[in-house]
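Following: one structure in C-alpha cells, then a few remarks.
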Amino acid sequence: MSQHNAAQFEDLADLYEDLSDWPFRRYIETPSVLERAGEVRGLDVLDFGCGAGTYASLFARAGARRVVGYDLAEGMLASARRRAADAGLDIQYVSLLGPASAAAFDLVVAVYVLPYAQSLPELQRMCFQMLAPLRPGGRLIALPIHPEYEPDPSYYEPFGFRMTPRRRADAHRDGEAIQLDLFYQQRFDASVRAWYWSADTLETALRGAGAASVRWHPPQIHAPAGAPPPPPELAAYARKPHAAIVECVRR
Ligand SMILES: C[S@@+](CC[C@H](N)C(=O)[O-])C[C@H]1O[C@@H](n2cnc3c(N)ncnc32)[C@H](O)[C@@H]1O
C-alpha cells in the first residue's frame, strides 16, 4: 500500500522537479494553490507528500516561520534536500511524522497525494494523517483527482499527460484504478497508478478525520506578473481540470 507508493515515486524526483514548470501547473495549479493558502508569513507549514519539494520551497520563500516536507519516497526527499541546500532554504525534510508533529502546524498542503490511497481504509488513514498535524482551526489544502475529471484518455494529452481509467464505464466509481502517463515534450516517459475517489467519499473521509468544514475550489488560470501570457489551449484544461482543490478547517 504505502510501500507501493514509495516504490512508484522513488525514481521520479527529476520528473517532479521538472513538472513544476509545465504550463498547467505554472499558470493554473500553483497560483490557485498559493491563492488559497494566502499569506503564510509567520505560519508553520507542512508539505505532505512533498515530492521534490516544489511547494515547500515556495512556502519557505514566502516567509513561512517553519516549513517541513514529508514524503515516503527517500529518492524524492534526497532531491528535495539537495534543492533546499542549493537555494539556502531552511526546510526540514522527513520520512516520518512523529508524535511531535501532532497539532503543530497552521497549514498542511497535500498536492496530488490523496489519489494514491488505493483503498477506502487507506484513504481514511491518509486523511487522518493530513489533519492530525494541524492545530484546531488550521487548514488543509489538498488536491485529489477532480471528481468530474474527463475520462477520455486523450483529453489531457495537450497538457503533457494521459489519464486512463481501468474501465471507462467505471471512470467515476470509488476505488477505480487510473493509469497516469506523463510525457510532456518527450522529456519524460513515466507511468504511475492512481485511484479515483468521489466528492462524497472524500468529504466523508475528511470529516471523519477531523475536518469541520470542506470547501471545493476550481483551479483557475492566472497570469503571473512578468511572465508570458498563459497559452490559450489551457482554457480547455481549466474547463475540465484533472485535479480539484479541497480546503478543510480542522475542528
Ligand atoms: C504525485 S507526487 C506529488 C509530489 C508533490 N506534492 C508535488 O506536487 O510535486 C505524490 C507524492 O506523494 C508521496 N506519497 C504518496 N503517499 C504518501 C503517504 N501516505 N505519505 C507521504 N507521502 C506519500 C509520493 O511518494 C510522492 O512523492
Checklist outcome for this item: Counting only residues 5 or more apart in sequence or on a different chain, those whose built amide H sits under 5 Å from that of Asp174 are Ser198
Next on the checklist: So, R0 is 30 Å and r is the distance between the beta-carbons of Arg193 and Arg215; what FRET efficiency does that work out to, to 0.05?
Outcome noted: 0.60
Checklist entry - Residue by residue through the stretch 210-217, which ³J(HN,Hα) values in whole Hz follow from phi under the Karplus form 6.51 cos²θ - 1.76 cosθ + 1.60 (θ = phi - 60°), with glycine and proline marked x? => result x, 7, 7, 9, 9, 10, 9, 10
Checklist entry - Given a Förster distance of 25 angstrom, what is the FRET efficiency for Ala236 paired with Gln179, based on the Cβ-Cβ distance and rounded to 0.05? => result 0.75
Item to check | Taking the stretch 111-169 and dividing mean pair separation by its residue count, relative contact order in percent (alpha carbons under 8 Å, at least six apart) | outcome: 32 percent
Next on the checklist: Can you list residues from other chains, or at least 5 along the same chain, whose modelled amide H is less than 5 Å from the amide H of Val113?
Outcome noted: Leu143
Item to check | Ala243 long-range amide H proximity, modeled H, under 5 Å | outcome: His146
Checklist entry - Tell me, what are the semi-axes, in whole angstrom and largest first, of the equivalent ellipsoid of the stretch 70-167 as set by the roots of 5 times the Cα gyration tensor eigenvalues? => result 28, 20, 13
Checklist outcome for this item: Asp21 and Ser154 label points (each 7 Å along its Cα→Cβ direction) are spaced in nm at 3.0 nm
Checklist entry - Taking square-rooted eigenvalues a ≥ b ≥ c of the alpha carbon gyration tensor, is the chain rounded, prolate or oblate, where a/c under 1.5 means rounded and, failing that, a/b exceeding b/c means prolate? => result rounded
Checklist outcome for this item: the chain: antiparallel bridges as % of DSSP beta bridges, rounded to 5, reads 55 percent
Next on the checklist: Along the charge dipole of the chain, pointing to its positive end and built from +1/-1 on Cβ of Lys, Arg, Asp and Glu, which listed residue (Gly75, Gln220, Ser191) has its Cα farthest out?
Outcome noted: Gln220
Checklist entry - Name the residues of the stretch 192-215 whose amide N is less than 20 Å from a point 7 angstrom out from the Cα of Ser95 along the C-beta direction? => result none
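None of the figures in this text is laboratory data; all of them are computed from the coordinates on show. Please read these numbers as outputs of a predicted model, since none were measured by experiment. Cβ atoms come from the backbone with ideal geometry, glycine included; neighbour counts cover every protein chain shown.
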